[in-house]
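A short worksheet on the structure shown next.
The values are calculated or read from the model by the stated rules, or taken from the named source; none is laboratory data. If you're wondering where the values come from, they're calculated on a predicted model, not measured in any experiment. Note that we place each Cβ from the backbone using ideal geometry, even for glycine, and neighbour counts take in every protein chain shown. In case anyone asks, the SASA skips ligands and DNA or RNA and just uses the protein heavy atoms, side chains included. Shrake-Rupley method; radii C 1.70, N 1.55, O 1.52, S 1.80 Å.
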Amino acid sequence: MSVTLYGFWRSLAAYRVRVALNLKGIPFEEISVNLAGGEQFGEAYSALNPQHVVPLLKHDGNEVVQSLAILEYIEDIWPNPKLIPSAPLDKAEVKALALITIADTHPLIVPRVRNFLNKEWGLDEAAQTKWAQHWFTKGNEAIENTLIKLGKSKTYSFGDEVTIADIALASHVVGAKLFNVDMSTAPTLNSIFTNCMKLPSFADAHPLKQPGAPKTS
């Protein structure tokens, strides 16, 4: 078995894949694609992923992109421990919660979006940070209210077992904290995040613990 993850230390999407592989106990090699330096646009990585983004998972000659698709592939190949429920409604609810951040929040704050805001409208770093904080806050509101409406959270989003929803929510909070977002309005989300980060699979995958990350005091 050969598993290679193409990622980058600060990529929240790559973080999600790291967590899933850790939870499943799958050894993997991570190859860093320097997004800050434009390495994703180089010939070598462009041949792997024409979208020029990470993560990309290589497994036994197969290549899978997009973090949610990768999470589902990991679940299918290594079904234990189970991260996606089998019951149709439960599965739909787990994926829908995960997609609040994967599809609706995270895409608005990625570097290519913030770089475009700078290039086209002259938004400096402070303005870009304000943009990111706005969308993370909107994501917090949506996630918190969804968790309350579903009423299924305990230790994690859907009871006492981790699902891909928790992986997604953890990535959301990690990103929000990197942008110094006020998390006080999302106590349920905060509690779930705190419980997730007690698990080495989540904590060890943290962006700031990866090679290339800035040193923190």
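Among (1) surrounded by fewer than 18 Cβ atoms within 10 Å (Cβ to Cβ); (2) without any contact (Cβ under 8 Å) to a residue 60 or more places away in the chain; (3) under 22 Å from PHE41 (Cβ atoms), where does PRO111 come up short?
Unmet for PRO111, out of (1) surrounded by fewer than 18 Cβ atoms within 10 Å (Cβ to Cβ); (2) without any contact (Cβ under 8 Å) to a residue 60 or more places away in the chain; (3) under 22 Å from PHE41 (Cβ atoms): (2).
Quick check on my filter: what residues within region 44-65 are part of a loop (DSSP other than H, G, I, E, B) and not hydrophobic (A, V, I, L, M, F, W, C)?
ASN49, PRO50, GLN51, HIS52, PRO55, ASP60, GLY61
What's the total number of residues in region 154-188 that are in contact (Cβ under 8 Å) with a residue 24 or more places away in the chain and within 16 Å of LEU83 (Cβ to Cβ)?
The number of residues fulfilling the criteria is 15.
Starting from residues that are surrounded by fewer than 19 Cβ atoms within 10 Å (Cβ to Cβ) and among the β-branched types (Val, Ile, Thr), keep the ones in region 52-79 and report whichever is farthest from GLY42 (Cα to Cα).
ILE77
Check TRP9 against each of (1) in contact with a Pro (Cβ under 9 Å, 6 or more places away or on another chain); (2) open to solvent by 10 Å² or more (accessible area, probe 1.4 Å); (3) outside any loop (DSSP other than H, G, I, E, B) and name the one condition it does not meet.
If we test TRP9 against (1) in contact with a Pro (Cβ under 9 Å, 6 or more places away or on another chain); (2) open to solvent by 10 Å² or more (accessible area, probe 1.4 Å); (3) outside any loop (DSSP other than H, G, I, E, B), just (3) comes out false.
List the helices (runs of 4 or more DSSP H) inside region 102-178, counting only whole elements, that have at least 1 residues being farther than 24 Å from GLN210 by Cβ and polar (S, T, N, Q).
Working: elements: 111-121, 125-150, 164-178.
Of the helices (runs of 4 or more DSSP H) lying wholly inside region 102-178, those with at least 1 residues that are farther than 24 Å from GLN210 by Cβ and polar (S, T, N, Q) span 111-121, 125-150.
Give the residue, chosen from SER32, SER67, SER2, that is touching an Asp or Glu at 6+ places or on another chain (Cβ under 8 Å), over 15 Å from VAL162 (Cα atoms) and either free of Cβ contacts under 8 Å to residues at least 12 places away in the same chain or not β-branched (Val, Ile, Thr) (or both).
Exactly one of SER32, SER67, SER2 is touching an Asp or Glu at 6+ places or on another chain (Cβ under 8 Å), over 15 Å from VAL162 (Cα atoms) and either free of Cβ contacts under 8 Å to residues at least 12 places away in the same chain or not β-branched (Val, Ile, Thr) (or both), namely SER2.
Considering each residue of region 20-34, count those that are touching a helix residue (DSSP H, G or I) at 6+ places or on another chain (Cβ under 6 Å), open to solvent by 30 Å² or more (accessible area, probe 1.4 Å) and part of a loop (DSSP other than H, G, I, E, B), and give that number.
1
Exactly one of (1) assigned to a helix (DSSP H, G or I); (2) of a type in the set (Ser, Thr, Tyr); (3) surrounded by fewer than 15 Cβ atoms within 10 Å (Cβ to Cβ) is unmet by SER86. Its number?
(1)
Answer yes or no as to whether VAL94 is part of a helix (DSSP H, G or I) and surrounded by 12 or more Cβ atoms within 10 Å (Cβ to Cβ).
yes
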